[in-house]
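Student: Please see the structure below; I have some questions.
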Amino acid sequence: MYNPSFNSTYYGRDYRAGAALLRARRPYLVKNALTGLGLIAFTISVYAYTIRAVGQDEFSDVKVPETPAKPQQKQ
């Protein structure tokens, strides 16, 4: 859809990134990529640690009854 009042130096009329936007983002590309990779690595390591810690629990302190409890009847 054509918008006659469209006035952007960073995006073209087709809303794609223009050359000016790509030039403005270029200095931050590597830093942002490394930050993103660091966040992903941190998230995966926390998830793996949590799964490993929970998997080591033996539940030896939980008492399991020999037979299932019978439901109580209403009076």
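Student: Name the residues whose placed amide hydrogens come within less than 5 Å of the amide hydrogen of Gly18, ignoring near sequence neighbours (fewer than 5 apart) on the same chain.
Tutor: For Gly18, whose amide H was placed from the backbone, the distant partners under 5 Å are Tyr11, Gly12.
Student: Let me ask something else. Where the convex hull is taken over the Cα atoms of the chain, what is its projected area averaged over directions, in nm²?
Tutor: That works out to 15.0 nm².
Read-outs: derived from the displayed coordinates by stated rules, not from any lab. For clarity, every value in this text was computed on a predicted model and none was experimentally measured.
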